[in-house]
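The values are calculated or read from the model by the stated rules, or taken from the named source; none is laboratory data. Small disclaimer: the values here were computed from a predicted structure and weren't measured. Methodologically, a virtual Cβ is constructed for each residue, glycine included, from the backbone with ideal geometry; neighbour enumeration extends over all protein chains shown. The accessibility values were calculated without ligands, DNA or RNA, using every heavy atom of the protein model including side chains. Shrake-Rupley method; radii C 1.70, N 1.55, O 1.52, S 1.80 Å.
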Amino acid sequence: MKNTLIAPSVLAADFANLQRDIEMLNNSEADWLHIDIMDGLFVPNISFGMPVLQAISKHAKKTIDVHLMIIDPDRYIKTFAQLGSNILTVHYEACPHLHRTLQAIKAEGMKAGVALNPHTNIDLLEDVIQDIDMVCIMSVNPGFGGQSFIENTFAKVKKLKALIQRKNAVTLIEVDGGVTSKNAKQLVDAGADVLVAGSFVFSSQNPAQTIKELKQLTSQ
Ligand code: DX5
Ligand code: ZN
């Protein structure tokens, strides 16, 4: 039986009730907490930074999956390790020396992820895939929650899965943006291992129940 990992995005939580929402996630079937860090430069939005992540880490009992949507992420690798990040994902488009960045993340004891914008081709990872613990395929243009899913993502996930198999890599495939119960199963069938869901979870009547349903739908 497949165990698809569900990573609710805290970007869609109620920041005035952050502890309540983190505890809801702790008590839910969520596998990871997805944390979106935006700098207003790499993406046209600013989310939250280190003090907020520190507050989240204090209460979180699950794997902390940090998605850096920032330029020059090398500056902050050590800091994110100290703040409790278990997985640190940088953007391909923000890293001119990606191989070096990945080694630096691992040297801090974290898993190393690489996110690809919707226009970035999977083939660009051919020479580095064995060094990547997780590829995050963006299924929206990064910067905002609540956007609609880009259909070309299914083809990208399949292409990435084929690359991982061809290279005998053990890289996980995460999909981020516009994930709902409508596309979740099809993403997993295409090869996704981790699904990020923000607004679909937090806008629902019962977020913990929605997480449970996503988990059931994708882990058969
Ligand atoms: C988008 C972020 C996503 C976002 C997902 O830039 O990287 O993680 O929080 O939110 P939804 O699921 O609402 O598209
Ligand atoms: Zn994200």
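I need a count of the residues in segment 133-157 that are farther than 30 Å from Ala107 by Cα and away from ligand 2 (no atom under 13 Å from the Cβ). It would help to see each step written out before you state the result.
Start the filter on segment 133-157 by keeping residues that are farther than 30 Å from Ala107 by Cα, which leaves 140, 144-155.
The next check asks that each one be away from ligand 2 (no atom under 13 Å from the Cβ); those that pass are 148-155.
Residues in segment 133-157 being farther than 30 Å from Ala107 by Cα and away from ligand 2 (no atom under 13 Å from the Cβ): 8 in total.
For segment 112-121, a residue qualifies if it is within 14 Å of ligand 2 (Cβ to nearest atom), under 27 Å from Lys78 (Cα atoms) and either part of a loop (DSSP other than H, G, I, E, B) or touching a helix residue (DSSP H, G or I) at 6+ places or on another chain (Cβ under 6 Å) (or both), and the qualifying residues are Val114, Leu116, Asn117. When residues in segment 15-40 are screened for being within 14 Å of ligand 1 (Cβ to nearest atom) and open to solvent by 50 Å² or more (accessible area, probe 1.4 Å), 1 of them pass. Checked against the criterion of being within 16 Å of ligand 1 (Cβ to nearest atom), polar (S, T, N, Q) and crowded, with 17+ Cβ neighbours inside 10 Å, segment 142-154 has at least one qualifying residue. Annotation note: of Thr63, Thr79, the sole residue that is away from ligand 2 (no atom under 16 Å from the Cβ) and on the phi < 0 side of the Ramachandran plot is Thr79. Across segment 188-208, the qualifying residues are those that are closer than 23 Å to Gly113 by Cα and without any contact (Cβ under 8 Å) to a residue 40 or more places away in the chain, and the one among them that is farthest from ligand 2 (Cβ to nearest atom) is Asp189.
Could you tell me whether segment 14-34 includes any residue that is among the polar types (S, T, N, Q), closer than 24 Å to Met134 by Cα, in contact (Cβ under 8 Å) with a residue 24 or more places away in the chain and part of a loop (DSSP other than H, G, I, E, B)? Break it down stepwise before answering.
Taking segment 14-34 as the starting set, the residues that turn out to be among the polar types (S, T, N, Q) are 17, 19, 26-28.
With closer than 24 Å to Met134 by Cα added as a condition, the list becomes 26, 28.
Now restrict to residues that are in contact (Cβ under 8 Å) with a residue 24 or more places away in the chain: 26, 28.
In the following step, the residues that additionally are part of a loop (DSSP other than H, G, I, E, B) were identified as 28.
Checked segment 14-34: at least one residue is among the polar types (S, T, N, Q), closer than 24 Å to Met134 by Cα, in contact (Cβ under 8 Å) with a residue 24 or more places away in the chain and part of a loop (DSSP other than H, G, I, E, B).
Tallying residues that are more than 28 Å from Asn45 (Cβ to Cβ) and buried (at least 20 other Cβ atoms within 10 Å of the Cβ) within segment 130-141 yields 0.
Do the conditions hold for Asp127, that is, is it closer than 19 Å to Val114 by Cβ, within 15 Å of the chain's Cα centre (by Cα) and acidic (Asp, Glu)? So Asp127 fails the test. State whether one or more residues within segment 41-48 are under 24 Å from Val175 (Cβ atoms), among the polar types (S, T, N, Q), buried (at least 19 other Cβ atoms within 10 Å of the Cβ) and within 13 Å of the chain's Cα centre (by Cα). No, the conditions are met nowhere in segment 41-48.
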